[in-house]
């Protein structure tokens, strides 16, 4: 898939909580085809401490309005600067990068999308894609507390949403893999993104239950094109760059 370098215009900067912003971009030209699971590399201007582009999963693509959504969690100087961007500003991106999630085969397959923290970002776009293709995805979303749960209304547009919070302030108390849905239901496919310990726990459950499972890794990336080698991970095929061979991997191929 051809990669482009584009200047996108920020239409909206919506603060969802103290750490997370939803940035909605548009372009004067039509956005290229972007698949769920792919990501972009964003150039951070006017940030002396930020030398490299920052990778962000595509949160959503609104084809009718030619919009690209990014979910930004503030974790350092680069993301802080980006979160302070005002509507109307031009932001340079390389896109689309990486691979995508694998489509199910049968319409009656039971599909669960599991996300934690800002790792929910690619699952909204993936859920919308599945729903438009007449699948019926369900979502399991985990967070530290209800204050850290974002985009729930958006997820509810595409399927039933289950919730866990570590403090029990919303949904079931505990981690996502503690949710009762895993005891009550059997799924044909699970897709996950979030903290590595969470994805490892989801992957272990999938292996134990012989369930197809893909995860979207969030390794640190410097270039997004396989040149800097800072996102390398161990797989059954050897050490590979997450940015070019992923970010989506079948758990059977990961040396976890």
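The values are calculated or read from the model by the stated rules, or taken from the named source; none is laboratory data. Just so we're clear, the structure is a prediction, and the values are computed from it rather than from any experiment. Virtual Cβ from ideal backbone geometry, glycine too; neighbours counted across all protein chains shown.
Say we look at the range 35-54 and pick out the residues that are at pLDDT 95 or above and not in a loop (DSSP other than H, G, I, E, B); which of these is surrounded by the fewest Cβ atoms within 10 Å (Cβ to Cβ)?
Among those residues, the one meeting the criterion is 41.
Scan (1) surrounded by fewer than 18 Cβ atoms within 10 Å (Cβ to Cβ); (2) at pLDDT below 95; (3) under 21 Å from residue 118 (Cα atoms) for the single condition residue 200 breaks and write down its number.
(2)
I'm trying to understand the selection: among the residues of the range 62-85, which are closer than 14 Å to residue 23 by Cα and without any contact (Cβ under 8 Å) to a residue 40 or more places away in the chain?
Within the range 62-85, 62, 79, 80, 81, 84 meet the criteria.
Cβ-Cβ below 6 Å, separation at least six or inter-chain, first residue in the range 92-106 and under 14 Å from residue 122 (Cβ atoms), second surrounded by fewer than 23 Cβ atoms within 10 Å (Cβ to Cβ) and at pLDDT 95 or above: which pairs?
The qualifying pairs are 96/34; 100/35.
Considering only residues that are under 20 Å from residue 117 (Cα atoms) and touching a helix residue (DSSP H, G or I) at 6+ places or on another chain (Cβ under 8 Å), which ones fall in the range 205-230?
Across the range 205-230, the qualifying residues are 205, 213, 214, 215, 216, 217, 218, 219, 221.
Can you pull out every residue in the range 203-233 that is modelled with pLDDT under 95 and surrounded by fewer than 14 Cβ atoms within 10 Å (Cβ to Cβ)?
If the condition is that a residue be modelled with pLDDT under 95 and surrounded by fewer than 14 Cβ atoms within 10 Å (Cβ to Cβ), then 220, 227, 229 are the ones that fit.
Looking only at the range 138-160, count every residue that is in contact with a helix residue (DSSP H, G or I) (Cβ under 9 Å, 6 or more places away or on another chain) and surrounded by fewer than 20 Cβ atoms within 10 Å (Cβ to Cβ) and tell me the total.
Within the range 138-160, residues that are in contact with a helix residue (DSSP H, G or I) (Cβ under 9 Å, 6 or more places away or on another chain) and surrounded by fewer than 20 Cβ atoms within 10 Å (Cβ to Cβ) number 5.
Given the condition within 15 Å of the chain's Cα centre (by Cα), at pLDDT 95 or above, within 24 Å of residue 230 (Cα to Cα) and buried (at least 18 other Cβ atoms within 10 Å of the Cβ), answer yes or no: does some residue in the range 72-83 qualify?
yes
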